[in-house]
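Working notes for the structure below.
Nothing in this text is a laboratory measurement; each read-out follows from the coordinates by a stated rule. No experiment lies behind these values; they were computed from the predicted model shown. Cβ coordinates were reconstructed from backbone atoms using ideal geometry, including for glycine residues, and neighbour counts include every protein chain displayed.
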Amino acid sequence: MASHADTPDFDPILTPRKGMPSPRLNKREFTRRYLMQFEDPAFEPLKSQLTDVANAAWDAYKHSRKSPHTRSAGSGFKDPAYELSVDWIAAKKAIDGAKARHDDKTRTPRILLINASARSEHTCPGEESKSYRMVELAKASIEEKGGVEVDILSLDRLASEYGRNIHPCKACFSTSPALCHWPCSCYPNHSLGQVQDWMNEIYPLWVAAHGVMIITPVNWYSPTSPLKLMMDRLVCADGGNPDPTSTQGKDAAIAKKIEMDGWAYPRHLKGRIFSVVVHGDTEGAENTRRGLVDWLRSMELESAGALAELDRYIGYWKNYAEGHADLDKDDNLQDEVRNAALTLREAVLAKRSGRMISAGARLKQPREK
């Protein structure tokens, strides 16, 4: 097979860099890790069958069958004959449907409320989160006024629900934005067992939304782990490539060439309105709120306004065990959360009706990203 170096317009500066140690496992270690998920004694009678299953999984791993089911891309792609993962095709169809609903002026606008806490009463620690309670306050306030539909995304399900995963971003964008496909094509990777990725259901929620409200606690001066995973995986929504056939899948050299020829950085979530509510116990709320607001603005979402950007402390420097009781007593904070939600609703309706002017929205940045 000819290498990229054999092509006349090959630029050695754009050669993908190599040199990291291989993470490949031998069969013994792979099998040991694979069978760890069947430690429960209930699987003991199935030991021989599980060995057969492990051997089949090893074959998929050995031959790197990331996407075992594919079909031709078809019309609308640069290379219609290229074999695309059926998983990616289904995700693209869901996103296209969500975009059609978003753009349909006859439909009721939607607001997505996101509970970013990992805490749940359905696993340890056995208690609901304050973020969830604030999402419910926001939902009730919005629905009482009417005029919009509400979707809820509770990221605590990553920790409490079987088969929920958000796999980490592989930073394809940092090699080239053309290599970062929209939606993400890194997952599922069946050969590595990186399956049941939730993002293909989360992407359409963001796309269909006219407004997004994130409510999150502070974890070590930062957003929560589930929120950060989702944030990183949304990079493909901000400049990502909607045509994996243009890069022949994950060919980094082709992607670099496409970027250098000029990349448009399509902003797939541009113009949606946002609200951010960050709550903490002792420290870090203000900086976490700033980071989230900056992230959303960098994707060219628009703030609903000052009342919709909130950082507060609940039970400041008090016992953690009293946290919910402190929220019960803090009527002002509860009203501020309601105000943030209503501000977002008002901004969404104003933008939808053309009454909200976004100064500079038509100006082109000299450097996109």
Towards the positive end of the charge dipole of the stretch 253-320, with charges on Cβ (+1 Lys, Arg; -1 Asp, Glu), say which of L307, G262, L296 has the farthest Cα. G262
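Where does the charge balance sit around P16 when Lys and Arg score +1, Asp and Glu -1, over other residues with C-beta under 15 Å from its C-beta? Kindly include the intermediate steps, with their values, before the conclusion.
Numbers: positive: R17, K18, K170, K250, K256, K257; negative: D11, D251, E259.
Net of charged neighbours comes to +3.
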Relative contact order for the chain using alpha-carbon pairs under 8 Å, separation at least 6, rounded to a whole percent? 17
Residue of P168, P125, P266 that the Gaussian network model of the chain assigns the largest fluctuation, springs spanning Cα pairs under 10 Å: P125
Can you list the residues, at least 5 places off or on another chain, whose amide H is less than 5 Å from the amide H of L301, using H built in the peptide plane? G271
Spelling out what I want: for every residue of the stretch 338-350, take phi, set θ = phi - 60°, compute 6.51 cos²θ - 1.76 cosθ + 1.60 (Karplus), and round to whole Hz; glycine and proline get x. 4, 5, 4, 5, 6, 5, 4, 4, 4, 5, 4, 5, 5
Residue separation between M260 and N55 times 0.36 nm, minus their alpha-carbon distance, gives in nm 69.4 nm
Estimated vicinal HN-Hα couplings, Hz - the stretch 138-143 in sequence order (Karplus 6.51, -1.76, 1.60; Gly, Pro = x): 4, 4, 4, 5, 5, 5
Choice from L14, L234, L155 showing the highest fluctuation, given a GNM over the chain with Cα pairs closer than 10 Å: L14
Karplus 3J(HN,Hα) series, Hz, for the stretch 193-201 with 6.51 cos²θ - 1.76 cosθ + 1.60 (x for Gly, Pro): x, 8, 10, 6, 7, 6, 4, 5, 8
Separation of the stretch 274-314 and the stretch 191-221 by C-alpha centroid, Å? 17
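How much net charge surrounds T31 when only the other residues with a Cβ under 12 Å from the Cβ of T31 are counted, with Lys and Arg +1 and Asp and Glu -1? Intermediate values should be presented prior to the final figure.
On the way: positive: K27, R28, R32, R33, K62; negative: E29, D52, D59.
In short, +2.
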Collect residues whose amide H, placed 1.01 Å from N in the peptide plane, falls under 5 Å from the amide H of Q194; neighbours closer than 5 in sequence don't count. N189
Pull up all non-local amide H partners of E149: gap of 5 or more, or a different chain, and H-to-H distance under 5 Å with H placed in the peptide plane. R110, I111
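Set the Förster distance to 35 Å, then compute FRET efficiency between K318 and E39 from the Cβ-Cβ distance, nearest 0.05. Display every interim value, and only then the final one.
Details: r = 41 Å, r/R0 = 1.16.
Computed FRET efficiency for K318 and E39: 0.30.
Would you please put 356-363, 294-301, 197-204 in order of how densely packed they are, using the mean number of other Cβ atoms within 10 angstrom per residue and starting with the highest?
Working: 356-363: 8.9, 294-301: 16.4, 197-204: 19.8.
Per-residue mean Cβ counts within 10 Å order the peptides as 197-204, 294-301, 356-363.
Could you give the length gained on full extension between E286 and D11, defined as 0.36 nm per residue of separation minus the Cα-Cα distance, in nm? Show your work: numbers first, answer last.
Numbers: separation 275, 0.36 × 275 = 99.00 nm, distance 4.54 nm.
Length gained between E286 and D11: 94.5 nm.
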Highest average packing first - 70-76, 254-260, 225-231, 39-45, Cβ atoms within 10 Å: 225-231, 254-260, 70-76, 39-45
Count charges around N287 for me, please; just the other residues with Cβ under 15 Å from its Cβ, Lys/Arg as +1, Asp/Glu as -1. -2
Pick the calculated Rg and Dmax of the Cα atoms in Å for this structure from (i) 21.2, 73; (ii) 29.8, 126; (iii) 23.1, 71? (iii)
What is the spin-label model distance, in nm, from T123 to K369 if the labels are put 7 Å beyond Cα along the C-beta direction? 3.0
Rank A340, Q248, P23 by how far each Cα sits towards the positive end of the charge dipole of the chain (+1 on Lys, Arg Cβ; -1 on Asp, Glu Cβ) and give me just the farthest. Q248
